[in-house]
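The values are calculated or read from the model by the stated rules, or taken from the named source; none is laboratory data. Please read these numbers as outputs of a predicted model, since none were measured by experiment. All Cβ positions, even for glycine, are placed from backbone atoms using ideal geometry, and neighbour counts span all protein chains on display. Note: areas computed on protein heavy atoms with side chains; ligands, DNA, RNA excluded. Shrake-Rupley method; radii C 1.70, N 1.55, O 1.52, S 1.80 Å.
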Amino acid sequence: IVRRAHESASRAAFERLVLKSVAQPVIATDLQGIITYWNEAAVSLFGFTADEVLGRLITEVTVPETSREQAEAIMQALSRGESWTGEFLVQHRDGTRFPARVTDIPIIDGDGDVVGIVGVSDDLRPQYAREAEQQRVRELESQLLQSQKLEALGTVAGGVAHEFNNVLAAILGEAELL
């Protein structure tokens, strides 16, 4: 029994060490949404230290008012043992709201009961910034192409006008001689 307890404690310590070293924000809650684990990456993303959030409701900490209904629906699905992945609007300590890709998975004990939830988040702001920049580049390329087309059209029109002027000058010269 002592050996099993030691193995269980060692495994729990190892699991905590693994979670602590993950580069993505990892947050665990119980079924009521009370935060039980908060790694360093979550500190960086959300601006709260683990001591500030442990024991608090996840919806009070990271979920803006506008996303609370969606959060409750997700929590209900998770409590039934379903996983959830999707884009979700979250909130930093300073009130800044931003999109995140969130994956939430139910924690299931040895009896098959859901006892908690673990979630991993990815900040989508850098991806959205890259997409916005790529869109801006595409727009600028389109404007450049349009400008080049208009310049070519202007060159052709100028050439036609010049040739027409030459023909007209010859006609006027002939008319004057007549």
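Worth a mention:
- Residues in the range 66-95 reached by a label modelled at Gln32 [backbone nitrogen below 17 Å; 7 Å Cα→Cβ]: 72, 75-76, 79
- Portion, in percent, of the accessible area of the range 82-126 that falls on carbon or sulfur, probe 1.4 Å: 48
- With the gyration tensor restricted to C-alpha atoms of the range 40-178, the semi-axes of the equivalent ellipsoid amount to 70, 16, 11 Å, longest first.
- Distances between placed amide hydrogens fall under 5 Å for Arg56 paired with Ile35, all partners being 5 or more residues away or on another chain.
- Ranked by solvent-accessible area (1.4 Å probe, protein heavy atoms only, all chains present), the residues Trp84, Trp38 order from largest to smallest as Trp84, Trp38.
- The candidates Ile117, Ile34, Ile105, arranged from most to least accessible area with a 1.4 Å probe in the full protein assembly, appear as Ile105, Ile34, Ile117.
- Largest accessible area first, the residues Glu52, Glu60, Glu151 order themselves as Glu151, Glu60, Glu52 under a 1.4 Å probe with ligands, DNA and RNA left out.
- Once C-alpha pairs closer than 8 Å and six or more residues apart are averaged by separation and normalised to the residue number of the range 61-120, the relative contact order reads 29 percent.
- Inter-label distance, Arg97 to Glu72: 1.7 nm, where each label sits 7 Å from its Cα along the C-beta direction.
- Between Gln146 and Leu172, the C-beta separation translates, for a Förster distance of 30 Å, into a calculated FRET efficiency of about 0.20.
- Computed on the Cα atoms alone, the convex hull of the range 25-65 gives a volume of 59 cubic angstrom per residue.
- Accessible-area value, Thr29, 1.4 Å probe, nucleic acids and ligands omitted, Å²: 10
- Probe 1.4 Å - accessible area at Glu82, Å² to nearest ten: 80
- Across the range 61-109, counting alpha-carbon atoms alone, Rg and Dmax equal 11.5, 36 Å.
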